[in-house]
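Inspection log for the structure reproduced underneath, given as C-alpha cells.
Just so it is clear, none of the values below were taken in a lab; they were calculated from the coordinates. What you see is a predicted model; the values in this text were computed from it and never measured. Please note: Cβ atoms are built from the backbone with ideal geometry, for glycine as well, and neighbour counts cover all protein chains shown.
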Amino acid sequence: MFGNILIWFVIIPIIMMAGLGLCRNSNMKAIRAVMVVCSVALLGLAIWLCCDFLRLRGMGDESEMLFTGSWMWYAPLNIHLAVGVDGISVLMLLLSAVIVFAGTIASWQINPLPKNFFLWFALLSTGVFGFFISIDMFTMFMFYEVALIPMYLLIGVWGTGRKEYSAMKLTLMLMGGSAFLMLGLLGIFWHSAPEGGQLTWNILEISHNASIDPSWQNMLFCFTFVGFGVLGAMFPFHTWSPDGHACAPTAVSMLHAGVLMKLGGYGCFRIAIFLLPQAANELAWIFIILTGISIVYGAFSACVQTDLKYINAYSSVSHCGMVLFAILMLNTTAMTGAIMQMLSHGLMTALFFALIGMIYGRTHTRDIRQMGGLMQIMPYLGVCYMIAGFASLGLPGLSGFVAEMTIFFGAFQDSDLFHRIFVICACSAIVTTAVYILRVVGKLLLGPVHDEHHRQLTDATWWERLSTVTLIVCIAGIGCFPNWINETIQHSFQPIIAAIQGAI
Amino acid sequence: MDYSQFGAMLPELIVLGIFLIVFLFDTFSGEGAKKALPSLTTILFALGTVAIWIVPASAEPVFGGMYVNTPACNAIKAILNVGVFIVFLQSVKWVDSESMKIRRGEFYELLLVTLFGMYLMVSARHFLLFIIGLESASLPLAALVAFNKKEYESHEAAIKYIMTAVFSSAILLCGLSFVYAFSGGSLYFSDIAVALSIGETSGLLLVAIAFVLAGLGFKLSLVPFHLWTADVYEGAPTSITSYLSVVSKGAAAFAFFIIFTQCFGAVYSDAWEWMLYAVIIATITVGNLFAMRQKNMKRFMAFSSISQAGYLMLGAVADSSLGLGSMMFYIFVYIVSNLGAFAVIQTIEYQTGKLNMDDYNGLHKTNPWLSFAMTLAMFSLAGIPPFAGFFSKFLIFTSVTGTGSMALYMLVLIALINTIISLYYYLLVVKAIWISGDAPKIESFRSDGASRAALWISVAGIVFFGLVPYIYQYCIDSVMASQDSILSAILPLFVG
C-alpha cells in the first residue's frame, strides 16, 4: 500500500497534523517548520508525479488511469480505498500543492492559535488531495466532506467581519449540496452492475458496466450535478461564496477559491457526466442555462461591489460558472478549456486573495472607496495585483487568455441555436470582466493617494514575495506554454467522449 | 429440567454474577473496604465484557425456544457493554461524592439489573420473557433517575419516567393481547409469524401492531411518544442520562428490529411499513427542530438523541441483514459519540455546576482538551468524516436504499436534509466553544483519572472505528451467522 505514490498525498498531510500535534501552541518556529517542510514535500511529490506521469504517457502507456491501487476497506459493501490518476487529476494535484504551499507561506504570521489553524488547514488539504487521487466513489465522497467541514472553524475563528454568519451559511449550504450528492452516489452504486453482477463503487468499473437505467440516470444526474454544482458556485446555489470568501482568512480564501471550488467542477466531470452520459446529453441544457446565468450575473455583480473580497468572490462565481459551462458542452475542446480554466482560475484567484489579505493587513480596510494610489506606496503588491487582474481579464501571455479562448472555441462547435445564443451571452462576460478589473485597478492602485496615513505603509515582506512569486510564475507558465497542459490531459477525455457518444 | 440450558445464557450469567458479587461485597464489607467498590465493579465488568466479546455464542434456542443467544444478540450485548463500561468510568467521581457514598452499592446493583433486563429483551423469542426483560429494564431505571434524592427535578423526572414506562407497558400488553388472539393462543415469535403469514390483514391487526409500536416507541423515545424524554434527561443525574440515552436506546432498537421482522415480517408492506416511515420522519424532524432551540446541554442532548433514534430506526426499514448489521454499527458509534459528549458535559457539571450552552463560551482557552473532545463528538454525531459518525450514517443510508424503491430514496432524502439541520445545532456547540465570547466562564481544571479514561476511550472510538472497519465487519459477520432477519434480498452483495 505504501509503495503507491498517490497514497503519500494523503499520508503527508496526516504526518503534518501529527507533527503539529506535537508542537506547542506558542512555539511558532516549530509550527512553521512542520508546515513548510510538509508543504514543500507535497509540492515536490506533485512535481515528481507529474514528471513520472508524462514519462509513462511518453512511453506509450494509454490506460485510463495510471498508478492505480485498490485496497479492500468495507468488505460487505465492496468499498475500496481505490486510487488512480489521469492527466486531469495530476494537474489538479499539482495545483493543490502549489496553493497549499503558497497559502502556508501567506499565513506566516497567523494569529491567534496558530497550531489549531494549521491543524484544520492540514485536515482541509488531506480532503482535497484525497479527493483528487480517489477513483472510488465512497472514498471520493468521504474526502470531499473532509475538505468541507474545517472551513467552519477556519472562517469562524480566524475570519473577519460577519464571520459567524458566513461560516454557518457556507458550511450548511455546502453540506446541503453534499446531501444531494450522497443520494446520487447511493443510486449510482445500487445500479452499478447488471442484474446479478458484483456492485461496485469504482468509477472505472461503473463506466465499463454502463448498466444504469436511463430512467434512473436523469434523477441521479440532477442530484450529483447539483451536489457538486453547489461547490462549483452554480447559480442559484452560489450565495455562500461571496459571504464565505469575504470573511475567511487569507490562506483559507486562497485554498477555498483556488482548490475547493475546483472539486465541484472536477466532480461534475468525473461522476455526473462520466457515469451518467445519457442523462448528461438529455439534461445538459438545464444546467447550461444555470451556468450561463452564473457567468453573466457573477460578472455584473462584481462591477458594483466595493469590497475587494466581494469583487473577487463574484468574479469567482463567474469564472467557475465558465468551468461548468464548458464541461456541459460535452466536447473535447471545451473540456480542455474547462480544465485550463480550473488551473488558471485557481492560481489567479489565489493570488488575488493573497494580495487582498496583504493589503488588508496594512490598510485595515477592503473598501476600494477608502483607498487609492497604492501603487506609489507599495509598488510590488500593486504590480502583482495588476498581473492577477490581467490574467483574470484574459490578457494573452497569461493563463486566463488560453483558458477562455479554448472554452469559447470549443463551445462554439455546437451548431444549434440554443448553444450559440448562450455562448454569445457568456462571451459578453469577458467585456464585463474587463470593466470590473480595470475599475478596481484604477481606483485602488492608480490615481492620487486617498488616505495620507497610508503613506507610512510598507511594501511586501520576503514571505509575501515568495508566496506571490510562486503563483505568478505558474500563471505565466500556463499562459506561455499551454501545450504542456494540453499534452498532459489529452488522453483523459477519450473515455468520457466515448461514453457520451455511446449514449447517443 | 435440563439445567445445562443455563449454559447458553452466558452473558446473562456474567452480569448476574457481577451483580451478586457487588451485592454481597456491599452488604458485608466494612466502611474502609467499600471504597474499592467502584473500581472492583468496573474491573469485573471489563473482564465480563471481554468474555462476552470473545466466547462464541451458543446460538441454540433453549427453554423451549423462549430464549436464544444468536451471534447477533451476543454482539449487541457486547456493544452495549462497552457503553455501560464507559458510563461506569464516567461516574466514579460522582459515586464517591459525599451524598452518594452510602448509596453507591445501589447504583451499581440497579444498573446491572437493568442491563440484565435489556439482555433478556434482546434475546427473548417469546413475549412473556420479553415483558419480564422490559420491566426489569424499566423499573430500576426509575429509581436511578431519582437518585439525586435532594433535588426536586430528579424526583419529578422519576415520576415522569415511571408513569410513561407503566403506561407504555400497558399499551404494549394491550397490543400483545390482540396479537395473542391472532396467533391462536401462542406468544412465541415463530408461531405468531406463521399465523400472520396465512391469515388476512384486518383492522384489528393494524391496531395491535400500532400498540406494540407505541409501546416500544416509548422506550426508544420515537415521536410522538417522546414527550417524557427532555424532562427526564434533564432531571436525572448525568451518569444516568448518558446511560438512558445510549444503552437503553440501543437495546430497545435491536429488540424492535427482532420483534417486527420476526413476528410481523409477513405483513410488513400491508401493515407497518408506512407506520414506520411516518414515525421515522416525525422522529428525525421533530427531534431536530426542538434541539435547535435548547440552551441547557442535557435537554439539547435529549432532543439530539431523539433524532438519532430516528436514524437508528432506518436500519429496520431495510429489513435485511445489511440493515441489522448497519443498525448495530450505528448503535456502537452512537454509544461512543454520545458518551464522549456526555463525558465532557458531566465533567464540567461536577467541576463547576454549569450546564448551559452559553457557559461553554470560550472553553478552548481554559480547557483545550475538553474542547477538542467535545468538538470531535459533535462532528461525529453530525456525521462528519473522518469520524465514525459519518461511516455509520453512510452505511445505514446505503442499506436503506438497497431495496431500490423510490419511496425509500425519498425517505433517505428527508433524512439527509435533516442531517443538515442537525449539523446546524451541533455546530452551535462548536461555535460556543471556539468562536463566541471573550471571557471564558469556566475555570481551567483537571478532571479525575476515571472520567479522563472514559473520554479517551470515546475519542479513540470516534477517531478509529470509522477508519478501521473492524466493528462493522464484526456486526455483519455476526448477523450473517444468525438467522435473525427474514429477508435476505441483499445477500449476493457480500463478497469473499
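General remarks:
- Each principal axis of the Cα cloud of region B:71-131 was evaluated for its coordinate range; sorted largest first, these ranges are 44, 22, 9 Å.
- Helix B:37-54 vs. chain B, principal-axis angle (Cα, 0 to 90°, nearest 10): 40 degrees
- Couplings 3J(HN,Hα) for region A:453-459, derived from phi with the Karplus relation 6.51 cos²θ - 1.76 cosθ + 1.60 (θ = phi - 60°), are 4, 5, 5, 7, 6, 9, 7 Hz, where x marks Gly and Pro.
- Counting only DSSP H runs of at least 4 residues, each contributing -39500 (n - 2.57), and dividing by the residue count of chain A, the helix-based mean residue ellipticity at 222 nm comes to -23500 deg cm²/dmol.
- Degrees, to the nearest 10: B:273-291 long Cα axis against longest axis of chain B: 10 degrees
- Take chain B and mark each of the trypsin sites (Lys or Arg not before Pro) that is in a DSSP loop with at most 12 other Cβ atoms within 10 Å; the longest unmarked stretch, sites excluded, is B:296-445.
- Distance violations [Cα-Cα > 20 Å] among A:K29/B:K431; A:K262/A:K443; B:K354/B:K441: A:K29/B:K431; A:K262/A:K443
- Cut-off 12 Å between beta-carbons: net charge of the residues surrounding B:D96, Lys and Arg +1, Asp and Glu -1: +4
- Globularity ratio of chain B, using Cα Rg and 2.2 N^0.38 Å: 0.93
- Straight-distance candidates among the aspartates and glutamates for linking to B:K101, with alpha-carbon spacing under 19 Å and chain neighbours fewer than 8 residues away dropped: B:D26, B:E31, B:E109, B:E151, B:E349, B:D448.
- Separation between Cα centres of region A:1-70 and region B:1-74, rounded to whole Å: 51 Å
- Within a straight-line Cα-Cα reach of under 18 Å, B:K249 can be paired with the following aspartates and glutamates, leaving aside sequence neighbours fewer than 8 residues apart in one chain: B:E135, B:D231, B:E234.
- Distance distribution note for chain A: the fraction of Cα pairs above 31 angstrom is 40%.
- Per DSSP, loop GluC sites (Glu not before Pro) in region B:57-132 with at most 15 further Cβ within 10 Å: B:E98
- For B:L129, neighbours were defined as the other residues whose beta-carbon sits under 15 Å from its Cβ, and their charges (Lys and Arg +1, Asp and Glu -1) total -2.
- Around B:L20: net Lys/Arg minus Asp/Glu count, Cβ-Cβ under 11 Å: -2
- When each full DSSP H helix of chain A is screened for a Cα extent of at least 20 Å along its own axis and an average Kyte-Doolittle hydropathy of at least 1.6, the helices passing are A:8-22, A:87-106, A:417-440.
- Shape of region B:213-289, Cα gyration tensor, a/c cut at 1.5: oblate
- Note on region B:202-238 and region B:312-326: Cα centroid distance 20 Å, given to the nearest whole angstrom.
- One way to sum up the overall shape of the protein assembly as shown is the equivalent ellipsoid from its Cα gyration tensor, whose semi-axes run 54, 33, 23 Å, largest first.
- Reciprocal of mean inverse Cα separation for region B:358-411 (Kirkwood radius, Å): 13.2 Å
- Loop-located GluC sites (Glu not before Pro) in region B:120-228, at most 12 other Cβ atoms within 10 Å (DSSP): B:E200
- Put the Cα centre of region A:469-493 next to the Cα centre of region A:402-421 and the gap is 21 Å.
- Exceeding the 31 Å Cα-Cα cut-off - candidates B:K34/B:K150; B:K93/B:K160; A:K309/B:K295; A:K169/B:K219; B:K150/B:K365: A:K309/B:K295; A:K169/B:K219; B:K150/B:K365
- Least to most buried among A:I421, A:I430 (fewest other Cβ within 10 Å first): A:I421, A:I430
- C-alpha long axis of helix B:104-123 to longest principal axis of chain B, angle in °: 30 degrees
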